[in-house]
Every structure is written in C-alpha cells, then in structure tokens.
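The values are calculated or read from the model by the stated rules, or taken from the named source; none is laboratory data. Bear in mind the structure is a predicted one, so any value in this text is a computation, not a measurement. Neighbour counts run over all protein chains shown; Cβ positions are idealised from the backbone, glycine included.
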Amino acid sequence: MGSCLKGKSEAKKHPGAYLCDKCGAVSDKKKHVCDPSKLKKKDLEKGKKKKK
Ligand SMILES: [Zn+2]
C-alpha cells in the first residue's frame, strides 16, 4: 500500500493497463495504483471517461 500515483498516470489507457478507481491514474503495473481495475478493450470503446 501507499504506492499510488495519485492521479498522475504513467501510462496511456489501453487494454491490459490498470486504472485506479480512486484517483484515476493509469499504470501498466498493478502495484502502482491503489484501487486497480484492469482496462479491457470494451471499456475503452465505450467512452474515454468512465464514471461509476
Ligand atoms: Zn489511486
């Protein structure tokens, strides 16, 4: 814990990347975000900004 990017994405959104549900940062590494959800191709096609 304690290793989130805090909103600063270090990768572009792409299938297989991890998006932090808390702060919205994107990383290729799961450990780099605090609440990771893996992006799927489907997620990216639906709209750039996904809101819960
Ligand atoms: Zn986060």
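Worth a mention:
- Looking across L19, L39, L5, L44, one residue alone is touching a strand residue (DSSP E or B) at 6+ places or on another chain (Cβ under 7 Å) and modelled with pLDDT under 95. It is L5.
- Looking only at the range 21-37, and only at residues there that are closer than 13 Å to K6 by Cα and among the acidic types (D, E), the one that is nearest to the ligand (Cβ to nearest atom): D35
- Every residue from the range 1-20 that is within 13 Å of the ligand (Cβ to nearest atom) and surrounded by fewer than 18 Cβ atoms within 10 Å (Cβ to Cβ): M1, G2, S3, K6, G7, K8, S9, E10
- If you go through the range 36-48 and keep only what is assigned to a loop (DSSP other than H, G, I, E, B) and surrounded by 13 or more Cβ atoms within 10 Å (Cβ to Cβ), you end up with just L39.
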